Amino acid sequence: MPLKVINIDLKDKSYDIYIERGILDNIGKNIKKIWEGSKIGIITDHNLDSFYSERIKKSLQDEGFSVKVISIRPGEKSKSLSSLEAVYKELAGFNMTRKDLIIAFGGGVVGDLGGFAASTYLRGIPCIQVPTSLLSQIDSSIGGKAAVNLDMGKNLVGSFYQPKAVYIDPDVLSTLDEIHLKDGLAEVIKYAAILDEELFDRLIEYGSMDELLGDIEYIIFRCCSIKKALVEKDEFDFGERMLLNFGHTIGHGIEKYFNYEKYSHGFGVSIGMYNITKKSEEMGETQKGTSLRLKNLLLKYGLPCDMPDMDSVEFMKIILSDKKNMGGFLNLVLLKRIGQAFVKPVEIDEAKKYILEGCN
Ligand SMILES: NC(=O)c1ccc[n+]([C@@H]2O[C@H](COP(=O)([O-])OP(=O)(O)OC[C@H]3O[C@@H](n4cnc5c(N)ncnc54)[C@H](O)[C@@H]3O)[C@@H](O)[C@H]2O)c1
Ligand SMILES: [Zn+2]
């Protein structure tokens, strides 16, 4: 399938997302077309480094760029102030100036940390995102949210910093492990459920994971197009972008309840999407049959739906400590039907009815 381009229109911060199989090997030529500097710091993690650094470096060096690879340990623990400091030091050691460029080459961890390093090093130097996990290809690399975690919570220190471009090579998903592939698929199903019934139906139709992966460029394109529309309407996440939180209030709660050790993000979101929809359907706010359709699709791709065994008081406490608890209200994202979502601000007591569905 040929190159697909999506323009994110944010006035002077506009940029293009390029989606193409094999684009990694042409990254040098592509960057040459949109950027005039000569020195590039690639921020990545050890997994990506071992699979792809040589290829990406060669493509850049063939175009005359001078390149340094800065590799962090894989995993969420690296989204920290201490890794950030180590990255700043490597950038400084390579004498990076504001005329130079950072490439964040990896999953959401590298994207968020690399984006934040770029937005703050020397008060901001240009950044290009080359996302490699399904989640980062459809979600985290687009929209300019960059952050690191503190011990007290995730993404507590961050910025909005739009990249100069995003290059997505679906072929790199061939080395992504199954758990992270499923994590990304939960977000794909989320996009389909909130705004794209056609994609939802297509996900039902694929006969196997291989068939889905054969069509992954189309899936990435559809998801990025939805994110584009939401980001353009709501760059700083005060309104429309909230729809992306479908399933996330419960999902984040579950992840946190089990100390981020038992449930991955996508698994938490999967449980969250199903259970909140089951409840809103019971309350007459969602078209009948929607939660069953959603459940069948989630189960088809090996994603969970059942609420884990949790103490409901403790669970609610965790949810209310989340930043989405604003002044006695919670903004819940509910489905009207598949392909149509809305935000419902509800008081805490009312919110409990939705959130504790399926909880003991
Ligand atoms: N900025 C945003 O808008 C936004 C949105 C959603 C999530 N996020 C953030 O994204 C992060 C999660 O992202 P993630 O799920 O990509 O996690 P991740 O970056 O930790 O990647 C998951 C694992 O897969 C490996 N990996 C990635 N791509 C690979 C590939 N092609 N081949 C082999 N291995 C590969 C990584 O090394 C890592 O071990 C979280 O920190 C979350 O807060 C940010
Ligand atoms: Zn998510």
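Nothing in this text is a laboratory measurement; each read-out follows from the coordinates by a stated rule. The model shown is predicted, which means the values in this text are computed figures rather than measured ones. Backbone-built Cβ (ideal geometry, glycine too); neighbour counts: all protein chains shown.
A few remarks follow.
- Cα-based helix-to-principal-axis angle, 248-257 vs the chain, degrees rounded to 10: 80
- Approximate spin-label separation ILE179-GLU232, in nm, with each point projected 7 Å along Cα-to-Cβ: 3.8
- Enclosed volume per residue, in Å³, of the convex hull spanned by Cα atoms of the chain: 125
- Annotation for MET152 and GLU198: the two label points, set 7 Å from Cα along the Cα-Cβ direction, are 4.6 nm apart.
- The stretch 150-183 residues near the modelled GLU54 label - backbone nitrogen below 19 Å, point 7 Å along Cα→Cβ: 172-176
- Cβ-Cβ distance of ASP349 and ASP215, R₀ of 51 Å, FRET efficiency by 1/(1 + (r/R0)^6): the value works out to about 0.70.
- Contour excess over end-to-end distance, with Cα ends at ARG73 and GLU205 and 0.36 nm allotted per residue: 43.7 nm
- Per DSSP, loop chymotrypsin sites (Phe, Trp or Tyr not before Pro) in the stretch 148-185 with at most 10 further Cβ within 10 Å: none
- When the chain is treated as a Gaussian network with alpha carbon springs shorter than 10 Å, the biggest mean-square fluctuation among GLU178, GLU261, GLU187 belongs to GLU261.
- Over the residues of the chain, the helix contribution to mean residue ellipticity at 222 nm works out to -13500 deg cm²/dmol, using -39500 (n - 2.57) for each DSSP H run of at least 4.
- At 1.306 mPa s and 10 °C, Stokes D of the stretch 216-360 from Kirkwood alpha-carbon radius, µm² per second: 101
- Exposed trypsin sites (Lys or Arg not before Pro) absent - longest run of the chain, DSSP non-H/G/I/E/B, at most 10 other C-beta within 10 Å: 1-287
- Degrees between helix 108-120 axis and first principal axis of the chain (Cα, 0 to 90, nearest 10): 60
- Using alpha-carbon coordinates, inclination of helix 46-61 to the longest axis of the chain, degrees: 40
- Overall shape: rounded for the stretch 6-162, with the ratio a/c of the largest to smallest alpha carbon gyration tensor axis below 1.5.
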